[in-house]
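Here is the structure we will look at, set down as structure tokens.
Quick note: the coordinates plus some simple rules give every number you see, no bench work behind them. Everything numeric in this text was worked out from a predicted model, so none of it was measured. Cβ: placed from backbone, ideal geometry, glycine included. Neighbour counts: every protein chain shown.
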Amino acid sequence: MTPANRYVLTFPGTPGTQAPQDVVVVVRTSATGPGGHPVYEDASGIVRAEISNAGEVRMLASGGHQSPHLPVHAEPLP
């Protein structure tokens, strides 16, 4: 199965608040992650994720002192 070129990642809102979920579109890069799967990033380059063909997501830090949150959902886009 060929990996999708784009995904939409949905992250939970701030715990204890009624903040809406954050939604970020990421695009496939030429890089591969530590698991050997494609790396995707948003337009800013801050949100980076390795996504397997099965839709498993591993968030990757794009800079020092980051503690990336796991998305609730990863949906491939056409």
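Between Gly45, Gly16, Gly36, the Gaussian network model of the chain with springs among Cα atoms under 10 angstrom shows the greatest mean-square fluctuation at Gly16.
Counted by neighbouring Cβ atoms within 10 Å, the residues Thr29, Thr2, Thr14 run from fewest to most as Thr2, Thr14, Thr29.
Relative to the current alpha-carbon distance between His69 and Ala54, full extension at 0.36 nm per residue lengthens the span by 3.5 nm.
Over region 6-77, what is the mean sequence separation of C-alpha contacts under 8 Å (at least six apart), divided by residue count, expressed as relative contact order in percent?
Working: 141 pairs, mean separation 22.2, N = 72.
After rounding, I find 31 percent.
Applying D = kT/(6 pi eta Rh) to region 3-55, where Rh is the Kirkwood radius over alpha-carbon pairs, T corresponds to 37 °C and eta to 0.692 mPa s, the Stokes-Einstein value obtained is 275 µm²/s.
Here the Gaussian network model covers the chain, with springs between Cα atoms less than 10 Å apart; of Ala19, Ala31, Ala43, Ala19 fluctuates the most. Shown in residue order for region 34-48 are the 3J(HN,Hα) couplings computed by the Karplus curve 6.51 cos²θ - 1.76 cosθ + 1.60 at θ = phi - 60°: x, x, x, 9, x, 9, 10, 8, 7, 4, 7, x, 7, 8, 10 Hz (x for Gly and Pro).
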